[in-house]
Amino acid sequence: MDMNEIKEIFFQECEEQLAELESGLLKMNDGDRDPETVNAVFRAVHSIKGGAGAFGLDDLVAFAHVFETTLDCVRSNKLEPTQDVLKVMLKSADVLADLTNAARDGGSVDESRSRGLVKELEALANGELPSPSAAAEAPAPKAAAKPAPAAVAPAPKPTDDSGFQPIPFSFDDFGGDEAGSDLPAYEVTFKPRFELYSKGNDATLLLRDLSRLGEMTIYCNMDELPGLEELDPEGAYFFWNVTIKTDKGEDAIRTVFEFAEWDCDLTIKPVDEAAGNTGANEELPMVPVPFDLSILDETGAAEDVSGAAAAETAAAVAAAETASNVTQMAAAAARVEKKESAAAAAAAAANAAAQNNAAGAGQTIRVDLDRVDRLINLVGELVINQAMLSQSVIENDTTGTSSINMGLEELQQLTREIQDSVMAIRAQPVKPVFQRMSRIVREIADMTGKSIRLITEGENTEVDKTVIDKLAEPLTHMIRNAVDHGIETPEKRAAAGKNTEGTVRLTAKHRSGRILIELADDGAGINREKVRQKAIDNDLIPADANLSDEEIDNLIFLPGFSTADKISDISGRGVGMDVVKRSIQALGGRINITSKPGHGSVFTMSLPLTLAVLDGMVVTVAGQTLVVPLTAIVETLQPEASAIHSFGANHRLISIRNSFCPLVDVGRILNFRATQANPVEGVALLVESEGGGQRALMVDAIQGQRQVVIKSLEANYTHVPGIAAATILGDGRVALILDVDAVVGASRGQSLKAEMSLAAVG
C-alpha cells in the first residue's frame, strides 16, 4: 500500500469522523449532555488532527488543535455547552469540513472566517465569548501562523556527535508544591498496547487528564524499546509509572482511562499497598518525564505528528538525555530528526491496524464503488441470460417435468438471491445526505436572520447508493427554498402567534418498494394568488386560465419562476425548483406539493429504491410489449361490460367494489393505436400514483411477472414520453418500462406530449 492509498483511507475516515462530529454537536444542541456524546465529539476532532499531522496538513492541524482544546474544556466541565457555545462549535465543524475537503481536493478556505472562529474558540476556552465584530476582524491564530525562525526560534543548543539536539523539559509546570503532601497517594502503571494508538487515542492526553486530579510524578519505562533496525512501527514499547496524590479516589483515576482500558494494561494501587513495587528497572535508570508537554508546541518537535508518535517521541527524547544506552539514544535521535517519515509510517500502521480491528469487530471491509458497479452489471447480465435460457427451454420442452426444468427453477432462485445480496451491498442509509442539510439550514438561517430548527426522521432508511448520490442537489435547493421563502421572519411569526423559531422537518421512509422523502416546514405556505399573478405576468399562463390549487402550486417548478421581491445571494432568480423536478424525474421519481396557507408546505418525493432492477408485469398493448412496475399495481381484473360506464365524450369509468375509477387506454395514450380499444377484451391494471390517485390502466393481455434489469433510454437513445426506461426480455427482445405517473398525468385532460413537455420544462 503506497502513501496515496493511505492518504485516501485517511480522507474516507475523515468523512466518518466529520459525520460523527456534526451528529454529536446536534445532539448536544438539542440538550443531550451525556458524557459519551461529548467524548465522541472530542475523539472525532482529535482523530482528524492526528491523521492530518501525519500528512503535514498544517492548516487542518492548527484549526483542529484549537477546536480540540475548546472541546476539552467542555469535556472537563470547564465550559458550559450553551446554545451560543454550540453555535460557534457547529460553525467550526463546518470550517473543519471545508479544510478537510480543501486538503483532499486542493481547494481553498475563507481565511477570514477560519481566523474569526479560531479567535472565538480561544475566547471560549478562556471563559469569554467575543463579540461578532471582534471575531470577524480577528487576526490569524498563532497555531496556524508560521513565524520567521529569527524572530521566534530559541537559541541553538549543543548537540552530541550524532547531531541530536535535546528537547528541553521544564518541571516548573508540573506542580511540585507540597500542598497535596497529606493527600492519599496512588501508584498507576499504564502500559498501552498498539490497539490504543491505532484507534486514534493518545497516551499524552490521557496523562494530561490524569494530572488534573492532583500532584503527580511520572516515570517512563523503556525496557522494551528495541534498536532502530528492529523497531516495529505498529509496536507500543513504552509504559509509564505514575504516582499521584489526590482526594478524588481510585474511581476518578480509573474514569480517566475508561475509553482506553481495553487497549492497555492498567493497574491502580494505593501507595501503602504498592510499597516497594514501583516497577522501575534496576539496570536502566527511570527518567522522570514532566507531564506538561506543551513545550513541544514551541519547538515544533512533536505537535505535527500523530498522537502515538508524539507521546513516544517525548518520552524517548527525555530518556535519551540521561540514559547511557547508545542504541536507545540513536533511536530517539532518529525519531526526532526524521519525524515526518516516522509519522507517515506510524499513520500507515495505524490505518492498517484500524482496518484490521474494524474488520474483526464489525466484519466490514472497504470496497471501491466501481467494483460493486461492475458486479451489479454482471449480475444484471446473469439475470438476462437466465431468463433467455428459461425461455428457450420452455419453447422446446412441452412436458414441463424434465430435469432441465427443475435445474432452471433452482438457477432462477439462486440468481434472485445473488441479485438481492448484491443490491444489499449498495444499499446505504440516507443519514449522510440528511446530515449535510443541517449545515445548509444553519448557513441560510444566518444569512436571512431567521431562527430555524431542522428535525430529521428515518435517517437509517436505506436506499441504493446511486440514488443517495443524486439526492444532495435537489434536497439542497428544497432546503434553501423552505428557509428563504417558506419560513417567515421571527417578527412575522410572532405577529401570527407562532413560535419565533421555525421548524423544517426532513423525513425518509419506505412504502410499496419505494422511498418517500418529505420536506415539511411550518411557514406561511404558498401564496397562490401571488404565484398565479406572477405566472400571468411572465406569460406562462393565460389570464383567464382556470387552474386548481395543485396546478398553481406546481407553477413554482417552471424554470425562471420566482416570487422573490428582490434578488439575493440565496434566491430570486428562479433557479432551483426546476432543477429539483428534473433531478427527481431523472431518478425515475416524482414530486408533489401540498400547502396550507399560514401553516406551511410539504414537498413529497417518491423515488425507486434502486436504479438497477425492478419487479414488473410484462403486458401486451397494441402488439407492443411493455413492463409495468409491480410496485405501482394494486390489483388486476377482467372488466365486465356492466362495470364500464361512459363519462363525457372520450372518458370511461370502471366500477370496482361500489366505487368508480377512471379507465385509461394505455395504447391510445401512447399513440400505439388511433381509436380506443374495447375494455371487455382486455385486462385492467389498477394502479396508484402520487398525486393522481387510482387509475385502471387497460392493456390487451398479461404475459407474466418478471424481474427485469433497467437500461436507461436517455443514456443509450433519448427521452421517450411515457416511457421510464427499457429492459431485455428472456427471448432477447427489448421491452419498454412504462412511466405510470406520466400516463396517469396524461389521462387528466392533457395529451401525453403536453404533459411531458410541461414536465421537461418544469
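Hey, which of these cross-link pairs are over 29 Å Cα-Cα: 509/711; 87/581; 509/534; 27/245; 7/78?
Result: 87/581; 509/534; 27/245; 7/78 exceed 29 Å.
Among 652-661, 581-590, how do they line up from the highest to the lowest mean number of other beta-carbon atoms within 10 Å?
581-590, 652-661
Determine, for 65, 645, the number of other Cβ atoms within 10 Å of each Cβ, and report the residues in order from fewest to most.
645, 65
Quick check: Cα centre of segment 710-745 to Cα centre of segment 195-232, how many Å?
63 Å
By its C-alpha gyration tensor, with a ≥ b ≥ c as the square roots of the eigenvalues, how is segment 607-720 shaped: rounded for a/c under 1.5, else prolate for a/b larger than b/c, else oblate?
prolate
Check which residues have an amide H placed less than 5 Å from residue 515's amide H, if you skip close sequence neighbours.
Here 607, 609 satisfy the definition.
Would you mind estimating how fast segment 430-608 diffuses translationally, via Stokes-Einstein at 20 °C and 1.002 mPa s with the Kirkwood radius over Cα pairs, in µm²/s?
128 µm²/s
Looking at the square roots a ≥ b ≥ c of the eigenvalues of the Cα gyration tensor of segment 3-145, which shape do they give, rounded for a/c under 1.5, prolate if a/b is larger than b/c, or oblate?
In terms of gyration-tensor shape, oblate.
Using Cβ contacts closer than 10 Å as the measure, can you line up 259, 55 from fewest to most?
Least crowded to most crowded, the residues run 259, 55.
If a/c stays under 1.5 just call it rounded; otherwise compare a/b with b/c (prolate if a/b is bigger, oblate if not). Do that for segment 462-566, with a ≥ b ≥ c from the square roots of the Cα gyration tensor eigenvalues.
Oblate, because a/c is 1.5 or more while a/b does not exceed b/c.
What FRET efficiency do you get for residue 370 and residue 254 if R0 is 56 Å and r is their Cβ-Cβ distance, rounded to the nearest 0.05?
After rounding, the FRET efficiency stands at 0.75.
Where does each of 627, 256 land when they are ranked from fewest to most other beta-carbon atoms within 10 angstrom?
Final ranking by Cβ density, sparse to dense: 256, 627.
Going by amide H atoms built from the backbone, whose H comes under 5 Å of the H on residue 652, apart from near neighbours?
647, 663
Using the per-residue mean of other Cβ atoms lying within 10 Å as a proxy for protection, in what order, highest first, do the peptides 183-189, 488-494 fall?
With the highest mean Cβ count within 10 Å placed first, the list reads 183-189, 488-494.
Calculate one ³J(HN,Hα) per residue across segment 388-396 by plugging θ = phi - 60° into the Karplus curve 6.51 cos²θ - 1.76 cosθ + 1.60, and present them in order as whole Hz with x for glycine and proline.
5, 5, 4, 4, 5, 5, 4, 6, 10
Only the coordinates and a few stated rules stand behind these numbers; no lab work does. Just so we're clear, the structure is a prediction, and the values are computed from it rather than from any experiment. We place every Cβ from the backbone using ideal geometry, glycine too, and count neighbours over all the protein chains shown.
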